[in-house]
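Shown next, in structure tokens, is the structure this report addresses.
The numbers here are math on the coordinates, done by the rules we state, and not lab data. Bear in mind the structure is a predicted one, so any value in this text is a computation, not a measurement.
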Amino acid sequence: MKSNTTFLICIALVAFLSSSSFAGEKCQGVNHQSFLKKYCKNLSISKQSGYASSYVYRGLVASRAIFDGNTVVPSFLDLKYELCESNSLFLDLGFTAIGSARKAFGLDVKDKAHNEFSVDLGWQHTSLSKKLTTSFYWGMDHGGLPGLYAKLGENKPHSLVQEFSLAFNYALSDRWNVGIINSYSFYGMTGWWFEPYINYHQKFNEWIGINATMGMSATAGYFGSYQANANGAQAWFIKTEFPIPLHYKTWELSPFVSFNWAGSGAMKANELFPIQDRPYKNFAVVAGVYLTYTF
């Protein structure tokens, strides 16, 4: 936290915040002159790397017709800065190394499919009751499936998609949450994604826990006449993680397994092509593990 990188991040936040005033729960009366001393301790960073047996995008599992091999190596860097008790800024960076592309939707895509790089930058608010969390953020994806959609379906000269998202998460109890992510793509692709889910989490003891999520993804106006997918349900999934804290709880190992079904919108794309060229797996079991370091 006292590295040069962290110091530069804090300086950037000072420059941003000095031109604004924040109103809300316990946000009033911020003394920007003592910002570094008082608030840089509220910057948290986590680094996550792992392995997964298949590439997954919003519940959709890509087949080997798109990406060679059956494994991907995802990595993430998440930064969160607490402005006050209820409001935070966050920046999430992701990179997923995937197999070389061969064909997608029956077409040669060796020069069109790439590893996926993603950015999410936004604001998060937690209610005084701690039950409702609201997030608003700008997101960018380069490569992966969204990049293929833009290049192949919309004939874009790039593999870049941008969107705005509004997400809600509500705690029904100490163990149950429900939520939805609403995203509108405005660059590369245009249209809506909806991702409702329900989550269960529990700690059995100090070292063993479970985090299970059941959800789906659906689109509206996202896939046009040039796309193979139809709008509607794109995927259904159940994902279970088993977080294990390590080394004074600054490290966490999380094996996971997910069960994924293609929805009616994705199934339409599969029906258009012979088996060897079908872009999605109708059903897939995806397994892997993440290692997270938080400081």
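Figures for the structure shown
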{"read-out": "For segment 202-273: rounded, prolate or oblate by the Cα gyration tensor [a/c cutoff 1.5]", "value": "prolate"}
{"read-out": "Volume of the Cα convex hull of segment 44-294, divided per residue and given in Å³", "value": "117 Å³"}
{"read-out": "Amide H contacts under 5 Å for Ser63, placed H, 5+ residues apart", "value": "Tyr280, Lys281"}
{"read-out": "Relative contact order (%) - criterion: Cα under 8 Å, at least six apart; region: segment 145-274", "value": "16 percent"}
{"read-out": "Members of Lys239/Lys281; Lys151/Lys281; Lys80/Lys131; Lys80/Lys130; Lys80/Lys239 lying beyond 23 Å, as alpha-carbon distances in this model show", "value": "Lys80/Lys239"}
